[in-house]
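Take a look at the structure below.
The values are calculated or read from the model by the stated rules, or taken from the named source; none is laboratory data. Everything numeric here is computed off the predicted structure, so don't read it as measured data. Please note: Cβ atoms are built from the backbone with ideal geometry, for glycine as well, and neighbour counts cover all protein chains shown.
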Amino acid sequence: MNIVVAVPLPVELTSFTANFVENKVSLTWSTATEINNSRFEIEKKTETSEWIKIGTVDGSGTSAKNHSYSFIDSKVDFVKATYRIKQIDFDGSYSYSKEVEVNASAG
């Protein structure tokens, strides 16, 4: 007999968007709940690079409230780029968000 235990996700991400505005990329995301959330690391991959960390935003620890976050990437030296968020807990465990793509030539 297998017993399945539901473990709550450390962070419930409700949205993640990227928009090309005024030669910058504005990343925004929201959470519904957070458990032991240390920080978010923002990662970018372009057509000529692998994933690289471009910034860090502090998490809200443990919270049952909605939180909104943002990050501006002002180094837009690409035509297309893909972004993702690496959410890191206080114990070092992590997970990745979905990926979002930005086309700078369309802005």
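Below, the figures for the structure above:
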quantity	calculated
Selected residue (only one of 102, 4 is surrounded by 14 or more Cβ atoms within 10 Å (Cβ to Cβ) and either modelled with pLDDT under 95 or assigned to a loop (DSSP other than H, G, I, E, B) (or both))	102
Test: residue in segment 82-93 that is at pLDDT 90 or above, under 10 Å from the mean Cα position of the chain (by Cα) and small (Gly, Ala, Ser)	no
Of the criteria (1) buried (at least 17 other Cβ atoms within 10 Å of the Cβ); (2) over 9 Å from the mean Cα position of the chain (by Cα), which one residue 43 fails	(2)
Within segment 67-82, tally of residues that are part of a strand (DSSP E or B) and farther than 14 Å from residue 48 by Cα	7
Looking only at segment 76-95, and only at residues there that are surrounded by 14 or more Cβ atoms within 10 Å (Cβ to Cβ) and touching a residue at least 60 places away in the same chain (Cβ under 8 Å), the one that is nearest to residue 18 (Cα to Cα)	83
Residue within segment 69-83 that is farther than 22 Å from residue 105 by Cβ and acidic (Asp, Glu) present	no
Options 14, 62, 31: the member that is surrounded by fewer than 14 Cβ atoms within 10 Å (Cβ to Cβ), within 16 Å of the chain's Cα centre (by Cα) and not small (Gly, Ala, Ser)	14
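Conditions (1) farther than 14 Å from residue 94 by Cβ; (2) touching a residue at least 60 places away in the same chain (Cβ under 8 Å), marked per residue:
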{"position": "14", "(1), (2)": "yes, no"}
{"position": "23", "(1), (2)": "yes, yes"}
{"position": "26", "(1), (2)": "yes, no"}
{"position": "33", "(1), (2)": "yes, no"}
{"position": "37", "(1), (2)": "no, no"}
{"position": "42", "(1), (2)": "no, no"}
{"position": "51", "(1), (2)": "no, no"}
